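Each remark here refers to the structure printed beneath this line.
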Amino acid sequence: DEATLLDLLRGFVSGRPADLSTAHLAAAKTYIEERLTDSGLGAAEVARGVGISERHLSRVFATGGLSVPRYVLGRRLDRAHRLLTDEPELGVAEVAYRCGFTSPARFSHAFRERFGLRATDLRHRARARRMA
């Protein structure tokens with residue numbers, strides 16, 4: 001995430017260590033990105049992976065107005081959007097599973113809520129663009 005990287009860079013350039021919470025946030029986001037397709041990915045696993053408590057992890061994400069589950073969901077939906085656009089030959093259920101969703105129905109609902117259109121509609125648009 002750009003804001004987190006800028007905070008870390010500011011600390012590096014100024015010669016002062018970055019805020020530890022900023023470093024934890026960066027580490028947590030990296031951990032999440034590397035395991036985004038794991039359907040069991042949750043706050044407890046992220047906290048363990050980063051070496052902090054779940055409570056502290058929640059506080060770190062809360063400073064940016066996020067929760068860990070919301071962040072993971074958002075990243076999964078972003079990935080799904082990219083897959084549907086770049087690889088429209090994939091089925092919606094396949095995309096859902098590749099992005100860490102265990103239920104295509106849950107995925108479809110979250111996708112429509114986030115992007116304002118059905119995943120199948122985006123897929124059809126991407127296919128049409130490829131054919132044009």
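Toward the positive end of the charge dipole of the chain, about the Cα centre and with charges on Cβ (Lys, Arg +1; Asp, Glu -1), which of Val60, Gly91, Thr120 goes farthest?
Result: Thr120.
For the stretch 77-132, with only Lys/Arg (+1) and Asp/Glu (-1) charged at the beta-carbon, what is the dipole magnitude about the Cα centre, in debye rounded to 20?
Taking the Cα centre of the stretch 77-132 as origin, the dipole is about 120 debye.
Using the Karplus curve 6.51 cos²θ - 1.76 cosθ + 1.60 with θ = phi - 60°, work out ³J(HN,Hα) for each residue of the stretch 76-91 in order, rounded to whole Hz, and write x for Gly and Pro.
Once rounded to whole Hz, the list reads 5, 5, 4, 5, 4, 4, 4, 4, 5, 7, 7, 9, x, 6, 6, x.
Per-residue HN-Hα couplings for the stretch 33-44, Karplus 6.51 cos²θ - 1.76 cosθ + 1.60 at θ = phi - 60°, whole Hz, x for Gly and Pro?
4, 6, 10, 4, 7, 6, 5, x, 4, x, 4, 4
On the principal axes of its Cα set, how long, how wide and how thick is the stretch 54-124? Give whole Å, largest value first.
Taking the Cα atoms of the stretch 54-124, the three principal extents are 41, 21, 20 Å.
Could you give me the radius of gyration and the Dmax of the chain, taking only the C-alpha atoms into account and expressing both in angstrom?
Considering the chain through its Cα atoms, Rg and Dmax are 17.2, 54 Å.
On average, how much accessible surface per residue is there in the chain, in Å², for a 1.4 Å probe, leaving out ligands, DNA and RNA?
60 Å²
Specify the angular offset, from 0 to 90 degrees and rounded to the nearest 10, of the alpha carbon long axis of helix 119-131 from the longest principal axis of the alpha carbons in the chain.
70 degrees
Calculated from DSSP H runs of 4 or more alone, at -39500 (n - 2.57) each and per residue, what is the 222 nm mean residue ellipticity of the chain, nearest 500?
After summing the helix terms and dividing by residue count, I get -22500 deg cm²/dmol.
Of Thr63, Thr30, Thr120, which has the most accessible area with a 1.4 Å probe, and how do the rest follow in descending order?
Correct descending sequence by accessible area is Thr63, Thr30, Thr120.
What is the log10 of I(q)/I(0) for the stretch 15-82, computed with the Debye formula using one identical point scatterer on each Cα and no solvent, at q = 0.12, 0.19, 0.23, 0.25 Å⁻¹?
Results for the stretch 15-82 at q = 0.12, 0.19, 0.23, 0.25 Å⁻¹ read -0.29, -0.70, -0.97, -1.12.
The values are calculated or read from the model by the stated rules, or taken from the named source; none is laboratory data. As the structure is a prediction and not an experimental result, all values here were calculated from the model. Cβ coordinates were reconstructed from backbone atoms using ideal geometry, including for glycine residues, and neighbour counts include every protein chain displayed. Just so you know, the surface numbers come from the protein's heavy atoms only, side chains and all, with ligands and any DNA or RNA stripped out. Shrake-Rupley method; radii C 1.70, N 1.55, O 1.52, S 1.80 Å.
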